[in-house]
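Notes follow once the structure below has been shown.
The values are calculated or read from the model by the stated rules, or taken from the named source; none is laboratory data. This is a predicted model, so every value here is computed, not measured. We place every Cβ from the backbone using ideal geometry, glycine too, and count neighbours over all the protein chains shown. Calculation scope for accessible area: heavy atoms of the full protein, side chains included, ligands and nucleic acids excluded. Shrake-Rupley method; radii C 1.70, N 1.55, O 1.52, S 1.80 Å.
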Amino acid sequence: MCRNIRTLFNHDPPVTDEEIRAASLQFVRKISGFNKPSKANETAFFSAVNDIARISNHLLSSLESTAAPRNR
């Protein structure tokens, strides 16, 4: 879907909140078609980024793996 979004699960060192937010921003940019939203859409755009970052953080903290962490 978006080449800039990287796999964030099961890495050593663990993913940071900044990396999750960057991936969320790339996702919202891709699906909205906006690189930078207009003033009229700014609130909705950044609200979506924050929601996706929160949900992604929850997902990543809930996942389990028996594989060794990947080195970054």
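Computed from phi, the 3J(HN,Hα) profile of region 39-50 under the Karplus parametrisation 6.51, -1.76, 1.60 (θ = phi - 60°) reads 4, 5, 9, 4, 4, 5, 4, 6, 5, 5, 4, 5 Hz, with x in place of Gly and Pro. On the beta carbon distance between ILE31 and ALA68, with R0 = 25 Å, the FRET formula returns roughly 0.15. Whole-Hz Karplus values for region 55-72 come out as 5, 5, 4, 4, 4, 4, 6, 8, 6, 10, 8, 9, 6, 5, x, 6, 8, 9 Hz, taken residue by residue from phi with 6.51 cos²θ - 1.76 cosθ + 1.60 and θ = phi - 60°; glycine and proline positions read x. Remark on HIS11: its backbone amide H falls under 5 Å from those of ARG70, a criterion applied only to residues 5 or more positions apart or on other chains, H modelled at 1.01 Å from N. Just checking the listed ones, ILE20, ILE31, ILE52: in the Gaussian network model of the chain with Cα springs under 10 Å, the one fluctuating most is ILE31.
Computed with a 1.4 Å probe on the full set of protein chains, the accessible area for GLU19 sits at about 60 Å². How large a share of the accessible area of the chain, in percent, is made up of carbon and sulfur atoms when the probe is 1.4 Å and the other protein chains stay in place? With neighbouring chains kept in place, the figure for the chain is 53 percent.
Dividing the helix sum by the residues of the chain, where each DSSP H run of 4 or more adds -39500 (n - 2.57), gives a mean residue ellipticity at 222 nm of -19000 deg cm²/dmol. Take every Cα pair under 8 Å whose residues are at least 6 apart in sequence, average their separation, divide by the length of the chain, and the relative contact order is 48 percent.
Dipole of the chain computed with +1 at Lys/Arg Cβ and -1 at Asp/Glu Cβ about the Cα centre; of ALA44, SER56, THR66, farthest Cα towards the positive end is ALA44. From largest to smallest, the equivalent ellipsoid semi-axes obtained for the chain from the alpha-carbon gyration tensor read 27, 12, 9 Å.
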